[in-house]
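Let me begin by presenting the structure, written as structure tokens, before commenting on it.
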Amino acid sequence: MTTPGERHPAAEGLLGSGYVVSVVRSSTPVDAHLGDDDLIYVTLPGSPCPVLIGFLPQGAEKFSSMLSEQLRALANRQEQRR
């Protein structure tokens, strides 16, 4: 586990790849707002620059569903390791 300010090992392979990397912890400042264009905007800190994601409603639902599925898979994996 990394501490705030420490680079997460998952980011190492992405350096120089053109991807923006943001490792989100419970303490990471995440901001979301509804734009005038009816998109849901989520911003979070990242490297080499902040991350901005704009979601249409169906895209936000798909993203939320995918995250929920991965959280369940992670919980199952952690339970099997016990």
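Solvent-accessible area per residue in region 23-68 equals 73 Å², computed with a 1.4 angstrom probe and all protein chains kept.
So, counting K/R as plus one and D/E as minus one, what does the shell of residues with Cβ under 14 Å around Q70 add up to?
+2
The values are calculated or read from the model by the stated rules, or taken from the named source; none is laboratory data. Only a predicted model underlies this, so the values are computations on that prediction, with no experimental measurement involved. Because the Cβ atoms are built from the backbone with ideal geometry, glycine has one as well, and the counts that use them run over all protein chains shown. Remember, those area values only see protein heavy atoms, side chains included, never the ligands or the DNA or RNA. Shrake-Rupley method; radii C 1.70, N 1.55, O 1.52, S 1.80 Å.
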